[in-house]
Number of protein chains: 2
Amino acid sequence: MVDEGPWISDLEEKETLQGSRPGNRYVRILSYPGFRRLGAGLLAPRESVGRPSTPLGRALEALKRLLIGSPLPSSQELQERLTKFKGLAIFASDNISSSAYASEEIMRVLVLAGALSLTMPITLAIIAVLAVVVLSYQQTIRSYPTGGGSYIVARSNLGVLPGLVAAAALLTDYVLTVAVSIAAGVAALTSLFPALFEFRVAAGVAFIAVLCLGNLRGIRESGTIFAGPTYIYLFAIFGLLGYGLWQLATGNLPHYLPSPERGHQTAGEPLTILLALRAFSSGSVALTGVEAVSNGVPAFNPPEARNAQLVLVLMGTFFGSIFLGISFLAGQLGVVPDPSEQETVVSQLTRTLVGDGSPYHYLVQFATAVLLVLAANTAFAGFPRLASILAKDRFLPRQFQFRGERLAFSTGIILLAFLGSVLVTVFEGSVTNLIPLYTVGVFLAFTLSQSGMVLHWFRERAHEGGWRWRAAINGFGAAATGLVMIVVGISKFALGAWIVMLLMPVLVVVLWAIHQHYERVESATVAETPVVPELIHPRVVLPIANLGIPARQAIAFARAIAPDNRITAVHVSDDPEERAQLRRAWEDWQPGIQLVIIDSPYRMLSGPLLAYVAAVQQTHPYDTITVAIPELVPSHWWEHLLHNQTALRIKAALLFRPGIVVVNVPYHLAGGSASGAPHDGWRGAGGASR
Amino acid sequence: MVDEGPWISDLEEKETLQGSRPGNRYVRILSYPGFRRLGAGLLAPRESVGRPSTPLGRALEALKRLLIGSPLPSSQELQERLTKFKGLAIFASDNISSSAYASEEIMRVLVLAGALSLTMPITLAIIAVLAVVVLSYQQTIRSYPTGGGSYIVARSNLGVLPGLVAAAALLTDYVLTVAVSIAAGVAALTSLFPALFEFRVAAGVAFIAVLCLGNLRGIRESGTIFAGPTYIYLFAIFGLLGYGLWQLATGNLPHYLPSPERGHQTAGEPLTILLALRAFSSGSVALTGVEAVSNGVPAFNPPEARNAQLVLVLMGTFFGSIFLGISFLAGQLGVVPDPSEQETVVSQLTRTLVGDGSPYHYLVQFATAVLLVLAANTAFAGFPRLASILAKDRFLPRQFQFRGERLAFSTGIILLAFLGSVLVTVFEGSVTNLIPLYTVGVFLAFTLSQSGMVLHWFRERAHEGGWRWRAAINGFGAAATGLVMIVVGISKFALGAWIVMLLMPVLVVVLWAIHQHYERVESATVAETPVVPELIHPRVVLPIANLGIPARQAIAFARAIAPDNRITAVHVSDDPEERAQLRRAWEDWQPGIQLVIIDSPYRMLSGPLLAYVAAVQQTHPYDTITVAIPELVPSHWWEHLLHNQTALRIKAALLFRPGIVVVNVPYHLAGGSASGAPHDGWRGAGGASR
């Protein structure tokens, strides 16, 4: 072989060349097409690199650019700092949007027993829990100014397992946030346009697809995008409630007309405590999204914690007022939920107060729909981010940690969109069907996070004044949310909570198993003793079907990497005549290596071949068995079906045999293209390097 | 490297060993575990070879053995010679079984115009065509004693394209034979057990699955299996017809009771010529299976041609009599087809003549069902055999030519079962829905075959006396079947014949394209100039993610197959800190090869890497670029999801780059098993070969 000259360290771009006389050496600077040299041994690809060369590839690339946008360099990652005004819009959208369905879900349960009069007491009870949670989370914000999600709080205070439980609960919740918010958003639209009702699943999936694309493009939670819809919703709904209360006060409350021609729910169930608890559980969906603020503390303008705390209180106040107002007015009007789920309670309320099809009715419904879609979008920010944290901690596959071309966590976004679409489809786009799955996880995460805070205060007792009452507040929060969790778990068990209660342990086990695997790989692959090339003796086994160019190329390659007496060509056949013919052709050719023919009476090919490889490995335990497979690479994709099936099967089987190196020696068919000379790279007679 | 001693030709089982002193050489006989030595360079695997080693693998293997049986060696292929008695049973079953539905299909069309009285004239017309075809095929049998299928006759006389058209027609027909026969067989059973009707699609698919398994096991068309059902059917049905005619003659014909409570077809259509032609087309399904005899001439006892001719005439006579008898008696009784397709006409006829639920009714129905399943089985013999002939002629992928463990053409059998099941499912197990697709292909094949015979006689005119009248007979046959084909094509076009008429050219193009591909590969891979290893200079590019054992192993292997200055490790990263860290670790390690780091500002991995490989290839046009990929092979299948995603993508992309050799250097995780020492084969210090 050539190039015996001294090797110049770390400079791939220089190459030692040897002249015709010994000692006559010089150095040539190579410039690599498509790359810029940044320093010693450091290259950077130029813009042109990686552009697809085929027309189809270019078309696909153009479509991708249109949908997703041009790639963004890592340096463009930015952190927007938020004012209180924008912060409220971003972090409260998830929580405030649940006012669109919380009252309705309480009423849907109560109407079964004809007990709609209990709506107000239950609403008040839920607002009381909300107050406890808001108070409790004030502490979390104070203690975790860098972001205090349930996973982080539970893991750092309670340990890995509770942290994983919280993570599993959160992951589940994010998926359900997407499904429920989108379903409710579509319901807000079908209230206006009943013709859309038939296509609600398709509409929901379409909304999720748009969110998915938008997030792959890298929509950041930009205050500008969020501020509009959130404040429009707040103004529209407060205006509506104010108008309704004024009508009530002046005794002008209009007469309520139920949704037309859609049957009437019969009050067939007795009013039991379990039913009341079920109504309470349904309504407690109102607390979803509270955690968002404590997750996002670092995004606020300084003083971050102070601003976040204020926003949390504001959110609780706004949401509580709307929730209370809707429940109250719906009760005063005597609104009954539409059994077909075609028109929402909010739409019925609005329609009754301001008139069906009036511009204000449209305003309220559209604002609700847009806000709900934005709420789903917060899950598209939260899920991939949590997944990337879990991947960094090695509880999820590495792919979740990888930022795509637009700096978004593509894997997490696509997975979330997929799971959300599945839920919307399976539960037929019905908010009521989805609710029982939702709240268990939310309250589990709350409970773990608040319990973690109790321990946190206990540990910090030396540094923190008043740790006792702080711990008491969080303890009370943990107890309250824990109680709600149990209530939800029991009262909604048969309605779907069981799915989540079954899924959560499975998820925890999966996260744990992935972690174990990565740990094991890490410890097993830490290099201790270097493997030196002098100890490696490749012994090549070379399966051939005939003596065509692919086989001859592979043989030539094998002879270039191993001595002739360590290479064996192998042919498997059940046909004695064919065997004799090949043997004769081989002896005519005299390639310089040995040919072993294996008789296969049962016409199997890969079985005997693999057995032979195993036998060679067993008889030569100190050699590195190298299987060189000649492959024919056709020019069209469909032609692949006509070739290499056996090669594929052999490669798949060899993957699981320890210590066997597989070499693919491809032969490319020219395929009629003028450029593709089939022998490229095989022409030999070492030009550049001589 | 070791082993520089002279190489001993053709004896893999001997190995040259070199002692410590130069010239001190001896030869060691190696015995390969699991193999027997048959001769110089020829091995045969022992029985134990290829047995699965994992519990799951053993369980799957046991299940396979249970379903399919033990493998059969190629030597066990046998040719059963058939008597006329058994030959009739085997080759006539397909044709005779169509008497179970031929009359009914005529009546189903005529009843639309209330013109059931036309059943007899149309039956007679079809029998006339049958007579012409039988006469015509007498000649084919005489001229092609080694088997005269339409494909062979058309190809050898008319050329490749007509041959392919005939082949496409036959392949389609075999699939439809399976679907129609199974559907009719299930209908014979639902006539007895109406409760089964609901599950007719499932029952049909189950029958096909049983046939598929049976044929994979390698049921040969054994005369013993066939003789029973065929003759039982003949006796049962002739007995029935005789009894009916006797009742008619004695004036005791019982009163016909239509199928109960299944509505009544209204005769809404006018009686047009098109309708009569449609009835004729439906009935001409009776001619399917005539070709079987001429296909199977070599299977008869000598004199083969004579015996086959006799069997063909007998078949025509038997079938014609049954067909005529059923049509006649159905007309006399006034049988009306059941619009719901729940009870067949034959069942109504039998029930009326011998009494509902009488043992004779059961006998006729079961005999019909079994015969129809056997008829489907003839397609399971014919389709794979034709596909294997086409594969041998390179019009279908090689896989069709391969005989499985039990000597059956597995690929063709499985494909046929799949397509048949699809048809039964799509057409909801209805014979009437399937019939329009069936007959076009049958008559196309007839026409091509008979036209081919005309040319055959013209070419043989020197050697064959009376070639004129022989050509005339075949010419008349071709004209008659061609006319029927046109009638069927037009009258059944909208009912489904268009599907086949569309499919056939597509199939021909596919067959042709496959042939072109194989021809091109053949001519492109014929070895002209040998590639000599001295001209091959591997230049290794080695992507690494870190300096763990997998990377170090791959580097050591690369250094064993190429000089150090022709190996470059490549690392792609967007993180300057990580890059610096790797560079430092590399410099500490000093592996003796160069490391190039590529900055990837857009976080892409495979793109820059592939661009780098392309750049190396461009700057070193006379080297063989070899990409060595370190791979981590985990011990459980699910762990694969956590690894090698990038390696897979790189390998897939490299497959389409001409001239690049890919080397997989696997590192197997021990996976907790005691036996798997992870460094097997890498321990080095060449033991056996020193």
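Key figures for this structure:
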| item | result |
| --- | --- |
| Options A:L56, A:L42, A:L78: the member that is modelled with pLDDT of 75 or more and open to solvent by 90 Å² or more (accessible area, probe 1.4 Å) | A:L56 |
| Test: residue in the stretch A:110-117 that is open to solvent by 10 Å² or more (accessible area, probe 1.4 Å), aliphatic (A, V, I, L, M) and closer than 16 Å to A:S327 by Cβ | yes |
| Matching residues, the stretch A:335-352, being farther than 22 Å from A:L118 by Cβ and crowded, with 24+ Cβ neighbours inside 10 Å | A:S347, A:T350, A:R351 |
| Selection from the stretch A:549-564 of residues that are touching a residue at least 24 places away in the same chain (Cβ under 8 Å) and either open to solvent by 20 Å² or more (accessible area, probe 1.4 Å) or under 20 Å from A:Q581 (Cα atoms) (or both) | A:I549, A:P550, A:A551, A:R552, A:I555, A:R559, A:D564 |
| Where a residue in the stretch B:381-407 is part of a helix (DSSP H, G or I) and its partner, wherever it lies, is acidic (D, E), with Cβ under 7 Å and at least six apart | B:A381/B:E221 |
| Residue among A:V531, A:V540, A:V596 that alone is at pLDDT 90 or above, surrounded by 19 or more Cβ atoms within 10 Å (Cβ to Cβ) and aliphatic (A, V, I, L, M) | A:V540 |
| Test: B:Q332 is open to solvent by 30 Å² or more (accessible area, probe 1.4 Å) and over 20 Å from B:V186 (Cα atoms) | yes |
| Condition check for B:V521: farther than 30 Å from A:P550 by Cα and either β-branched (V, I, T) or open to solvent by less than 10 Å² (accessible area, probe 1.4 Å) (or both) | no |
| Residues of the stretch A:632-646 satisfying the condition of being open to solvent by 10 Å² or more (accessible area, probe 1.4 Å) and either closer than 15 Å to B:V665 by Cβ or modelled with pLDDT of 75 or more (or both) | A:L632 |
| Candidates B:I473, B:I514, filtered to the one that is within 14 Å of chain A (Cβ to nearest Cβ) and surrounded by 18 or more Cβ atoms within 10 Å (Cβ to Cβ) | B:I514 |
| Test: B:V440 is under 21 Å from B:T177 (Cα atoms), touching a Pro at 6+ places or on another chain (Cβ under 9 Å) and open to solvent by less than 40 Å² (accessible area, probe 1.4 Å) | no |
| Near pairs, Cβ below 6 angstrom, 6+ apart or cross-chain, from the stretch A:592-618 (under 16 Å from A:R649 (Cβ atoms) and assigned by TED's automatic domain parsing to the domain that holds A:A556) to any residue that is open to solvent by 20 Å² or more (accessible area, probe 1.4 Å) and in a helix (DSSP H, G or I) | A:L605/A:T646; A:S606/A:R649; A:L610/A:A653 |
| Candidates A:G465, A:G429 - the one that is assigned by TED's automatic domain parsing to the domain that holds A:P162 and either over 23 Å from A:L170 (Cα atoms) or part of a helix (DSSP H, G or I) (or both) | A:G465 |
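The values are calculated or read from the model by the stated rules, or taken from the named source; none is laboratory data. If you're wondering where the values come from, they're calculated on a predicted model, not measured in any experiment. For neighbour counting, all protein chains shown are included, and Cβ atoms are generated from backbone atoms with ideal geometry for every residue, glycine included. These accessible areas exclude ligands, DNA and RNA; they are computed on the full protein's heavy atoms, side chains included. Shrake-Rupley method; radii C 1.70, N 1.55, O 1.52, S 1.80 Å.
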